[in-house]
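Here the structure comes first, spelled out in structure tokens, and everything after it is commentary.
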Amino acid sequence: MPKTIPQIIQKKAAGLKISMLTCYDYSMARLFAQTDLDMILVGDSLGNVKLGYKNTLPVTVKDMIYHAKSVKRGNDKALIVCDMPFMSYEISAHEALKNAGEIIKKSGANAVKVEGGAEIAGTVKALTDAKIPVMGHLGLTPQAVNKFGGFKVQGRGDEAQNKLISDAKALEEAGCFSVVLEAVPQDLAKNVSQILEIPTIGIGAGKFCDGQVLVSDDMLGVFEDFTPKFVKQYANLSSIIRQAVDTYIKEVNDGTFPAEENSYK
Ligand code: KIV
């Protein structure tokens, strides 16, 4: 039985931190199921780390369902949130409902995540009214990369800070059960976390958020194309994988592999 949204919200009320990581496939989801991770995000960051795109914009609803389905098959412990990809919720609340419904029905994810503030509050309300739980995402919202002109820290200066605070309030009012704050100054994230009743989940937003999320390929040291400053690498799997593959090639070449124990009689 996966963790529930009321349990996640309750953690904030109890002063307990919430842990979340991205995940995109069955085998990693199985490993995560052997831990006490609270939430999994099937992030559209899969565009970068799994599909090799420069940003998340080309990711489709079909891509998200494909990956979320395999994650769900591997993990029935964590609450699974699936990103709604670029242009799957912006056109109209009707389109958003159709796409979010398809994601939830076909993948088995427990909730969806959308990027944006007050401008999408109507859509968030339509989704939550239709019993689809929604996580918001403010600050550096990667789907706005072209608008921002790159991946830059957001929420600096009074105007930007006030806007982020009113966006966070609008998302809470519209029914979001939590909000990701990405790449914003930690004092601002602290302020938002104190103002909102729902949990804030930080990524590059400092230690005062109610929970944290990281891209698993970054924190495990698998993805080497670029590493944002806010990432802490808890393992260096790239070098372990390279070493293993080098040893395999050597053993294939010198005939050490396969040995007797790897062969059938
Ligand atoms: O897609 C993703 O992985 C995300 C996180 C960066 C929060 O949205």
Checklist entry - Which condition number in (1) part of a helix (DSSP H, G or I); (2) more than 14 Å from the ligand (Cβ to nearest atom); (3) in contact with a Cys (Cβ under 8 Å, 6 or more places away or on another chain) is the one that ILE198 fails? => result (1)
Next on the checklist: Any residue at all in the range 153-170 that's within 22 Å of GLN10 (Cα to Cα), of a type in the set (Gly, Ala, Ser), modelled with pLDDT of 95 or more and touching a Lys or Arg at 6+ places or on another chain (Cβ under 9 Å)?
Outcome noted: no
Checklist entry - Among ALA168, ALA126, which is surrounded by 14 or more Cβ atoms within 10 Å (Cβ to Cβ), in the same structural domain as ASN55 (by TED's automatic domain parsing), away from the ligand (no atom under 16 Å from the Cβ) and aliphatic (A, V, I, L, M)? => result ALA126
Checklist entry - Are there any pairs, at least 6 apart or on different chains, whose C-beta atoms fall under 7 Å, with the first in the range 20-34 and farther than 17 Å from ASN110 by Cα and in a helix (DSSP H, G or I) and the second within 14 Å of the ligand (Cβ to nearest atom) and open to solvent by less than 30 Å² (accessible area, probe 1.4 Å), and if so, which? => result MET28/SER216
Item to check | Any pair with Cβ under 6 angstrom, 6 or more apart, that starts in the range 222-251 at a residue that is aromatic (Phe, Trp, Tyr) and ends at one that is in a helix (DSSP H, G or I) | outcome: PHE223/VAL49; PHE223/ASP217; TYR234/MET219
Checklist entry - Does GLN212 satisfy the criteria of being modelled with pLDDT of 95 or more, away from the ligand (no atom under 16 Å from the Cβ) and either polar (S, T, N, Q) or not assigned by TED's automatic domain parsing to the domain that holds GLY43 (or both)? => result no
Checklist entry - Any idea which of GLY150, GLY136, GLY157, GLY108 is surrounded by fewer than 24 Cβ atoms within 10 Å (Cβ to Cβ) and either within 16 Å of the ligand (Cβ to nearest atom) or not assigned by TED's automatic domain parsing to the domain that holds GLN10 (or both)? => result GLY150
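The values are calculated or read from the model by the stated rules, or taken from the named source; none is laboratory data. Here the structure is a predicted model, which is why all the values come from computation and not from measurement. When we count neighbours, we look across all protein chains shown, and the Cβ atoms used for this are built from the backbone with ideal geometry, even at glycine. What goes into the accessible areas is simple: the full protein's heavy atoms, side chains included, and nothing from ligands, DNA or RNA. Shrake-Rupley method; radii C 1.70, N 1.55, O 1.52, S 1.80 Å.
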